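Since the structure comes first, as structure tokens, the remarks are kept for the end.
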Amino acid sequence: MPFADPTLVLDLAQYRRVVAHCYDGLPDEACGLFAGPVGDDLLPTGVVGEVYPCRNADASARTYTIDTGDYLRADRDARSRDLDIVGGWHSHTHTEAYPSATDVAKARALGPNFVFVIVSLKRAEPAVRAYRIVGDEILELPVRVEGL
């Protein structure tokens, strides 16, 4: 596994912001981006420095596309903080927090070091799971929420 730390680490405020954005997006899927530091090897450390809720340009309950303008604003802000866009999230409104075939295809295009997070709203409590997609392989990463 190429990460210096293969655990995705969010603080409690970041976690709450991500989950709240997913609920706010209902009935559509919600999406956003994570920024974080990268190591000397240019690989994400796993620590999230900032979260950027974005608009779902698809305005759909089944698919999402991060709004281009939101992506550019997030990238600009992350760079001003010496961070990089290292991952993203989207919600599954009625299914488990596991990548669909569509999710795998999108993740493949982003590269194997992009952290791909799915927030399932299927049950009373949200489920947050993180993955890296390497070719056809789906690798789950532990998620730690500091302060929870």
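Rule-based calculations on the coordinates, nothing more; no lab input. If you're wondering where the values come from, they're calculated on a predicted model, not measured in any experiment. Note: ideal-geometry Cβ built from the backbone for every residue, glycine included; neighbour counts use all protein chains shown.
Brief remarks on what is shown
- Rounded to 5, percent antiparallel among DSSP beta bridges of region 8-129: 70
- Size of electric dipole in the chain: Cβ of Lys, Arg +1 and of Asp, Glu -1, about Cα centre, debye, nearest 20: 280
- For region 1-69, alpha-carbon Rg and Dmax in angstrom: 13.8, 41
- Region 84-121 versus region 127-148: alpha-carbon centroid distance in Å: 9
- Legend: Rg and Dmax of region 58-106, from Cα coordinates, 13.1, 37 Å.
- Top of VAL51, VAL18, VAL38 by mean-square fluctuation, Gaussian network on the chain, Cα under 10 Å: VAL38
- Taking Cα atoms only, the orientation of helix 12-24 departs from the longest principal axis of the chain by about 30 degrees.
- Residues of region 6-22 with amide N under 17 Å of a point placed 7 Å along Cα→Cβ from GLU140: 6-9
- Helix-only CD estimate at 222 nm, as mean residue ellipticity for the chain, using -39500 (n - 2.57) per DSSP H run (n ≥ 4): -7500 deg cm²/dmol
- In the chain, the longest principal axis of the Cα atoms and the axis of helix 101-110 are about 30 degrees apart.
- Formal net charge of residues neighbouring ALA57 (Cβ-Cβ distance under 12 Å; K, R +1; D, E -1): -4
- With N counted as the residues of the chain, its alpha-carbon radius of gyration over 2.2 N^0.38 Å works out to 0.95.
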